[in-house]
Structure formats: C-alpha cells, structure tokens
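Contents: one structure, followed by commentary.
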C-alpha cells in the first residue's frame, strides 16, 4: 500500500485517532465497524503515554473489522508493530529536544528497517492549545504560541526543506483549543507537502473550518470518544470536499 501517494492526491482525508489506553478492544471493534460504513480514510493508533500493552491487539481488531489503513502515531520507540500498514516517523521540529528530533529515531531505525511498515517522515509541530497536554508534557518542549503564525510558517518550511514528507500541526490530545485557522492557512500557503491538523477538533464546524483553511488531513480523537455521531458527521464533510 502506498499511503503517501494516497495522502498526496489533493483530496481531503479524515483520520480517526485511537489511543489504546482509552478504548476497550470491544469498543475498538465497534468503532472499526462504524468507520467502515463512512468516509474515514485512516486510523491513527498510538499515544504519548501507553500504560497498557495492547497496541498490537488494538491494531489487530481494527484490521479484522475494517479495510481502513492503520498508521501508527507513536509516542515512543516501543510503539512499533508490524500489524499496521505504516508509521508516522515523527520529528518534533517545533521543539529543541534532541531525543525527539533524531535520538529516538536512531534507536527505532533497525527495527523499522526490518519491518513491513511504510515509513512516513513527518515534521511534528506542537501548537499551544491553552492547556498542558500529555504530548506537551512528555515531549519536554515548548509549543509554538497560537498567535505566532510566522514561527509556524518558518518551522514548517524548514521541515519540508529537510525532506520531511508530511507536516503535522497538533494541539495535542485533550487540547482546549484547536490549531487556529489563520496559522493553518499561512502554513499551507508556504509548503507543498500534505498538511495534517489535529487536536481540539470537536465539532463538524471546526473540521470544516480547518479543511477550508488548507488542512489536507483532519485528525479527531477525543470528540469521537464522547460521541460517535461526530465521526459520521465529519466523515460526511470530508466526502463533500471531493
């Protein structure tokens, strides 16, 4: 499966984020079946801190109950599993923590080389969402201020120039506020790789605004945990962009 080309075909995508710590396997099965009946493009699976060793089981349940590609969204080098289709190889370009820029990648590289996963080099940018998120705490880094569009633009441009194939702007799981539309628009105007946006997107209206601003892929997690109807609504919106 060529995930990158499917991401880079100028069509809007909707990714459902599953944190294995927050879902029972029965709930994952139910969600996978529901997503198969809608326009969900991908499952992102992982979390900043996994306390239960059920990543592999979670991926297996999704694969057993849907044909939707599963991409690992790793919070650590331990989150590698061959059952998935691909992995976001995240480089935290918004921070200055060397472990998350290259250190963890060196440790993971031999395992990834032997795996069948499609590697998706991704420039990961944490944006201040108005609250301390798990991703922010675990990364030990400062987020880009939500009102500093120029910093986000320059950071995204640098990530693309370094050869990263995706730019991912994230408020983090449980974000109080989503990434501002003005920031999304300005970043998109200055890069040519697909732009992923997640964190704090709780309503169909918020998803629509971010698609209109230039997001190529919307990632939603917590809102779906609270209401499965949000999944159906955002999936329908994604399809409407054609």
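Values for this structure:
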quantity	calculated
Residue that is in a helix (DSSP H, G or I), at pLDDT below 95, surrounded by 15 or more Cβ atoms within 10 Å (Cβ to Cβ) and in contact with a strand residue (DSSP E or B) (Cβ under 8 Å, 6 or more places away or on another chain), where the choices are 230, 187	230
Condition met for residue 165 (crowded, with 19+ Cβ neighbours inside 10 Å, in contact with a strand residue (DSSP E or B) (Cβ under 7 Å, 6 or more places away or on another chain), at pLDDT 95 or above and at negative phi)	no
Residues located in the range 121-162, provided they are more than 17 Å from residue 75 (Cα to Cα) and at pLDDT below 90	130, 131
In the range 138-162, the residues that are in contact (Cβ under 8 Å) with a residue 40 or more places away in the chain, farther than 22 Å from residue 194 by Cβ and exposed (fewer than 15 other Cβ atoms within 10 Å of the Cβ)	140, 142
Members of the range 79-103 that are out of contact with any strand residue (DSSP E or B) (no Cβ under 9 Å at 6 or more places or on another chain), touching a residue at least 12 places away in the same chain (Cβ under 8 Å) and more than 22 Å from residue 5 (Cβ to Cβ)	96, 97
Subset of the range 63-78 [farther than 19 Å from residue 29 by Cβ, in contact with a helix residue (DSSP H, G or I) (Cβ under 8 Å, 6 or more places away or on another chain) and surrounded by fewer than 19 Cβ atoms within 10 Å (Cβ to Cβ)]	76, 77
Candidates 94, 24, 66 - the one that is over 23 Å from residue 197 (Cα atoms) and at pLDDT 95 or above	66
Unique match (being in contact with a helix residue (DSSP H, G or I) (Cβ under 6 Å, 6 or more places away or on another chain), buried (at least 19 other Cβ atoms within 10 Å of the Cβ) and over 30 Å from residue 25 (Cβ atoms)) among 123, 86	123
Failed condition for residue 211, given (1) crowded, with 17+ Cβ neighbours inside 10 Å; (2) within 20 Å of residue 131 (Cα to Cα); (3) out of contact with any strand residue (DSSP E or B) (no Cβ under 6 Å at 6 or more places or on another chain)	(2)
Candidate set from the range 39-62 (those that are in contact with a helix residue (DSSP H, G or I) (Cβ under 9 Å, 6 or more places away or on another chain) and closer than 21 Å to residue 5 by Cα); member that is surrounded by the fewest Cβ atoms within 10 Å (Cβ to Cβ)	39
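The values are calculated or read from the model by the stated rules, or taken from the named source; none is laboratory data. On a predicted model such as this, the values are computed, not experimentally measured, just so you know. Positions of Cβ are generated from backbone atoms using ideal geometry, with glycine treated the same way; all protein chains shown enter the neighbour counts.
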